[in-house]
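The values are calculated or read from the model by the stated rules, or taken from the named source; none is laboratory data. Keep in mind it's a predicted model, so treat the numbers as computed, not measured. Here the Cβ is made from the backbone with ideal geometry for all residues, glycine too, and neighbour counts use every protein chain on show.
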Amino acid sequence: SLIKTPNLDWLSQHGVRFTNSFVANSLSGPSRACMLTDKHSYSNGFTDNTKRFDGSQQTYPKLLQKAGYETAIVGKWHLSSNPTGFDYWNILIGQGEYYNPDFIDNGKRVRLPGYVTNITTDLALDWLDKRHNPNKPFCLLIHNKAPHRVWMPDTCDLDAFNDRVYPMPKTFYDDYKGRKAAAKQEMSIIKDMDLVYDLKMADKENEIHSNPELEKWGRANYARMTPSQRAQWDKHYAPIIQKFKKDGLSGRALAEWKYQRYMHDYLRVIRSVDRNVGRVIDYLRQHDMLDNTMIVYTSDQGFYLGEHGWFDKRFMYEESFRTPLLVYYPNGKRGDIEQMVQNIDYAPTFLQVAGVDVPKDIQGVSMLPLLKGEKPKNWRKSLYYHYYEYPAEHSVCRHYGVRTDRYTLIHFYNDIDTWELYDLKKDPEQMHNLYGKPGFEKLTKKLKKELARLREQYNETNVTE
């Protein structure tokens, strides 16, 4: 409803859209580790972004390699250790930069000129065109930086949506009543979104100042641009900066100005992602590969676009627990799939599609029957989630929980010990914590029993609280 994405729409129209797709841990590094290993964070060892991924463990690219597949990854990696299980890897350093980013090309560091989404796609198509052995099947991971913070649009997208005014989420001014952990977070657009780093208000007069560390990085992002890139950037942002200084906004006016600036830049970088997804589809079409290539579009996690007044992710609440998942599977089902799936399900799906045996220690379930249009009677009825990174950036407390088709039960632990219960049918925005309220005792007991079952199933019963 916020942006037209014709190439992502093509995947949905010619494939399937999972309407109940979720992650296991809403944080980029851990989420990637879950995808690679098909195991929850505690089992794969990468519980938060301070960890280093153990590259010696089993991953689906390694299993595909053994089965004769060529494997490659380009773009964001963000797992600290070097990739393993790939015949070719060319990855961004850390989170990566939007302009003129540094890559590590199979161990060699190199700075590449241009815009990161275009470069990532260039590298991917170059590998397909010139490096890939056409006589072998392949698995290629194209990992974009966008739309990660700080949402710096490509120069060709700077003026996109200039006239749009985006509707404010109805929960933007949430007061977090009855939700202690939500009140403790530090990812508020009003309080925590930085003027220079996030909103690009680095003025030439050096009059606008913000968090010193973030301001330093914000000005460094600008400094790494070429003169031509800076000229186009300044043409767009200079008038916005000057008007901002003149208006002297405060209170709600400032909060809502921040929200509009955030939304414009976020959706502009989405535009670059969609455009480059189209380049990949076009390449496959032009090389007669669409009929035998599975295309999967997904993300690390969902992201707050002003809901509850937030940006970022981390919480088990719906906006960041959910993640997009579109799959083009030749000769497979078309339309929506409603069954609950999780990113630990990707690996067994890919392995089954490739005719590779799925190891018994894999914790996810293959989605292949769903892609074929089948409706398995014993499909899962609940999902498990666990977030570990605290104390850390954005101050989201540690928590784990269970979600069914209608209810979510969350336990926040470590420095606090609180529970939250939501009826997703009556309260989809999760504003009203029902835990401890009269009449919900039996439901709470049932959900806690299911949560305990999942924790045992995923070997989490020994996790220290």
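Given the residues 55, 114, which is the only one that is on the phi > 0 side of the Ramachandran plot and small (Gly, Ala, Ser)?
114
Can you confirm whether region 100-119 contains a residue that is under 28 Å from residue 48 (Cβ atoms) and of a type in the set (Phe, Trp, Tyr)?
Yes, that holds for at least one residue.
Out of the helices (runs of 4 or more DSSP H) lying entirely within region 27-111, which hold 2 or more residues that are within 16 Å of the chain's Cα centre (by Cα) and modelled with pLDDT of 95 or more?
Of the helices (runs of 4 or more DSSP H) lying wholly inside region 27-111, those with at least 2 residues that are within 16 Å of the chain's Cα centre (by Cα) and modelled with pLDDT of 95 or more span 28-37.
Based on this model, can you work out whether residue 174 counts as surrounded by 19 or more Cβ atoms within 10 Å (Cβ to Cβ), part of a loop (DSSP other than H, G, I, E, B) and either outside the structural domain of residue 351 (by TED's automatic domain parsing) or of a type in the set (Asp, Glu) (or both)? Walk me through it before giving the result.
Details: surrounded by 19 or more Cβ atoms within 10 Å (Cβ to Cβ): yes; part of a loop (DSSP other than H, G, I, E, B): yes; either outside the structural domain of residue 351 (by TED's automatic domain parsing) or of a type in the set (Asp, Glu) (or both): yes.
For residue 174, the condition - surrounded by 19 or more Cβ atoms within 10 Å (Cβ to Cβ), part of a loop (DSSP other than H, G, I, E, B) and either outside the structural domain of residue 351 (by TED's automatic domain parsing) or of a type in the set (Asp, Glu) (or both) - is met.
Out of the residues in region 215-235 that are in contact with an Asp or Glu (Cβ under 8 Å, 6 or more places away or on another chain) and buried (at least 17 other Cβ atoms within 10 Å of the Cβ), state the one that is nearest to residue 261 (Cα to Cα).
Once the filter is applied, the top-ranked residue is 218.
Does residue 159 fit the bill of being in contact (Cβ under 8 Å) with a residue 12 or more places away in the chain, over 23 Å from residue 317 (Cα atoms) and assigned to a loop (DSSP other than H, G, I, E, B)? Explain how you work it out, then say what you get.
Working: in contact (Cβ under 8 Å) with a residue 12 or more places away in the chain: yes; over 23 Å from residue 317 (Cα atoms): yes; assigned to a loop (DSSP other than H, G, I, E, B): yes.
For residue 159, the condition - in contact (Cβ under 8 Å) with a residue 12 or more places away in the chain, over 23 Å from residue 317 (Cα atoms) and assigned to a loop (DSSP other than H, G, I, E, B) - is met.
Hey, among the residues in region 421-465 that are of a type in the set (Lys, Arg) and closer than 23 Å to residue 319 by Cβ, which one's nearest to the chain's Cα centre (by Cα)?
425
Within region 311-325, does at least one residue satisfy the condition of being among the polar types (S, T, N, Q), under 24 Å from the mean Cα position of the chain (by Cα), over 25 Å from residue 424 (Cβ atoms) and not in a loop (DSSP other than H, G, I, E, B)?
no
If I go through region 273-309 residue by residue, how many of them are within 19 Å of residue 154 (Cβ to Cβ) and either assigned by TED's automatic domain parsing to the domain that holds residue 430 or acidic (Asp, Glu) (or both)?
Adding up the residues that qualify gives 2.
Residue-wise test of (1) within 24 Å of the chain's Cα centre (by Cα); (2) part of a strand (DSSP E or B).
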{"site": "374", "(1), (2)": "no, no"}
{"site": "379", "(1), (2)": "no, no"}
{"site": "389", "(1), (2)": "yes, no"}
{"site": "397", "(1), (2)": "yes, no"}
{"site": "409", "(1), (2)": "yes, yes"}
{"site": "419", "(1), (2)": "no, yes"}
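Can you tell me which residue among 281, 189 is among the hydrophobic types (A, V, I, L, M, F, W, C) and farther than 30 Å from residue 126 by Cβ?
Within the list 281, 189, the selection yields 189.
Conditions tested, residue by residue: (1) of a type in the set (Gly, Ala, Ser); (2) assigned to a loop (DSSP other than H, G, I, E, B); (3) in contact (Cβ under 8 Å) with a residue 60 or more places away in the chain.
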| position | (1), (2), (3) |
| --- | --- |
| 170 | no, yes, yes |
| 194 | no, yes, no |
| 198 | no, yes, yes |
| 206 | no, yes, no |
| 216 | no, no, no |
| 222 | no, no, no |
| 225 | no, yes, yes |
| 228 | yes, no, no |
| 264 | no, no, yes |
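Is there a residue in region 450-465 that is basic (Lys, Arg), assigned by TED's automatic domain parsing to the domain that holds residue 328, without any contact (Cβ under 8 Å) to a residue 40 or more places away in the chain and more than 24 Å from residue 16 (Cα to Cα)?
No; the residues of region 450-465 include none that is basic (Lys, Arg), assigned by TED's automatic domain parsing to the domain that holds residue 328, without any contact (Cβ under 8 Å) to a residue 40 or more places away in the chain and more than 24 Å from residue 16 (Cα to Cα).
Go over the candidates 393, 456 one by one and state the one that is closer than 26 Å to residue 51 by Cα and in a helix (DSSP H, G or I).
456
Please determine, by comparing only the residues of region 371-391 that are touching a residue at least 60 places away in the same chain (Cβ under 8 Å) and under 18 Å from residue 342 (Cβ atoms), which one is surrounded by the fewest Cβ atoms within 10 Å (Cβ to Cβ).
Out of the qualifying residues, it is 382.
Suppose we keep only residues that are buried (at least 22 other Cβ atoms within 10 Å of the Cβ) and aromatic (Phe, Trp, Tyr) within region 54-88. Which one would you say is farthest from residue 269 (Cα to Cα)?
60
Every residue, every condition in (1) in contact (Cβ under 8 Å) with a residue 60 or more places away in the chain; (2) outside any loop (DSSP other than H, G, I, E, B), yes or no:
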{"residue": "246", "(1), (2)": "no, yes"}
{"residue": "281", "(1), (2)": "yes, yes"}
{"residue": "331", "(1), (2)": "no, no"}
{"residue": "345", "(1), (2)": "yes, yes"}
